[in-house]
Amino acid sequence: MKRFLFLFVGLIVILTACSPSEAVDSAKFHTYTTYELPLEDKVALGEGEHEIVFVFDYSCPWCKKWMEEVLPEIEERWLDTGEATFKGQPLVLLNEQSQLLANVDYNVERLIPDRYYEVQRAIGLDSGSDGFGTEAYARELASEFDLDADELLENHVDVGIQNSRLFTRDFGVAYVPTVYVDGIRLADAFSLDEMAQVMDGTIEAGDQVELPEE
């Protein structure tokens with residue numbers, strides 16, 4: 001049975017989030033939908049009953065903002081307390097830099113899984129810096145984290161492209177950042193209250209939330 005919820009959703013965030021066309025059509029309602037995300041083998045940060053998944057593009061300025069402002073709050077509230085785990089999944093949506101860095105991300109997870117999220121955050125917070133997303137940047141990153149640069153740049157670009165097609169086609173990603181809690185795609189990736197309401201059962205799959213008019 002559908003329920004209608006009324007939340008203060010971050011309209012500006014939603015409408016100006018990063019997408020391939022740099023524009024996202026507003027919708028009157030958001031229906032909370034549960035997705036079986038293909039991330040069973042993905043390295044996780046933390047241990048807990050709930051799972052928070054952050055889908056992003058390294059070239060997206062809003063994704064950098066999310067890493068700066070939201071991720072520390074998630075760590076303090078739910079990861080450090082053992083209530084949730086976190087997974088970050090980069091996509092290739094915006095440009096060639098996104099493609100190179102999604103490839104680097106894949107290799108980091110293979111090569112040093114125990115430091116994967118340390119590297120992922122370092123890259124995300126560098127977004128927009130001079131030379132960001134170039135081969136030279138990747139080689140500097142390899143040096144910083146004591147990795148072999150050629151291994152870090154080993155070509156697995158097809159993985160990033162396949163993930164991007166999969167998430168945009170089958171898992172409701174129309175823009176980044178997109179966040180799922182326990183498989184439920186949020187209306188507002190920046191809303192900690194919305195995350196908490198999914199975890200405590202206030203928001204359930206099938207519920208709808210009215211979004212502000214553009």
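The values are calculated or read from the model by the stated rules, or taken from the named source; none is laboratory data. This one's a predicted model, so the numbers in the text were calculated from it and none came from an experiment. Note that each Cβ is placed from the backbone with ideal geometry, even for glycine, and that neighbours are counted across all protein chains shown.
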Kindly indicate the residue of the range 117-132 that is of a type in the set (A, V, I, L, M, F, W, C) and part of a helix (DSSP H, G or I) and also nearest to residue 189 (Cα to Cα) among those meeting that condition. 125
Could you grab me the full set of residues in the range 34-74 that are surrounded by 16 or more Cβ atoms within 10 Å (Cβ to Cβ), more than 18 Å from residue 109 (Cα to Cα) and of a type in the set (Asp, Glu)? 51
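Under the condition of being surrounded by fewer than 12 Cβ atoms within 10 Å (Cβ to Cβ) and over 29 Å from residue 122 (Cβ atoms), which residue from the range 4-18 is modelled with the lowest pLDDT? It would help to see each step written out before you state the result.
Step one: filter the range 4-18 for residues surrounded by fewer than 12 Cβ atoms within 10 Å (Cβ to Cβ), giving 4, 6, 8, 12.
Filter once more, keeping what is over 29 Å from residue 122 (Cβ atoms): 4, 6, 8.
Numbers: 4: 42, 6: 39, 8: 35.
Here the residue is 8.
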In the range 72-131, how many are of a type in the set (A, V, I, L, M, F, W, C) and without any contact (Cβ under 8 Å) to a residue 24 or more places away in the chain? 1
What pairs can you find where one residue is in the range 184-211 and over 19 Å from residue 67 (Cβ atoms) and acidic (Asp, Glu), the other is surrounded by 15 or more Cβ atoms within 10 Å (Cβ to Cβ) and modelled with pLDDT under 95, and their Cβ atoms are less than 6 Å apart, with a gap of 6+ or different chains? 207/5
Can you say whether residue 49 is more than 12 Å from the chain's Cα centre (by Cα) and farther than 25 Å from residue 142 by Cβ, as far as the supplied structure shows? yes
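Wholly within the range 19-116, which helices (runs of 4 or more DSSP H) include no fewer than the required count, namely at least 1 residues that are modelled with pLDDT under 95? Outline the logic, then answer.
Values: elements: 61-69, 71-74, 96-111.
Those helices (runs of 4 or more DSSP H) span 96-111.
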When residues of the range 155-172 are filtered for being among the hydrophobic types (A, V, I, L, M, F, W, C) and either at pLDDT below 90 or outside any helix (DSSP H, G or I) (or both), how many remain? 4
Search result, residues across the range 173-196 that are surrounded by 21 or more Cβ atoms within 10 Å (Cβ to Cβ) and either more than 18 Å from the chain's Cα centre (by Cα) or assigned to a helix (DSSP H, G or I) (or both): 194, 195
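Regarding residue 201, is this residue assigned to a loop (DSSP other than H, G, I, E, B) and in contact with a Lys or Arg (Cβ under 8 Å, 6 or more places away or on another chain)? Outline the logic, then answer.
On the way: assigned to a loop (DSSP other than H, G, I, E, B): yes; in contact with a Lys or Arg (Cβ under 8 Å, 6 or more places away or on another chain): no.
Judged against the criteria, residue 201 is not a match.
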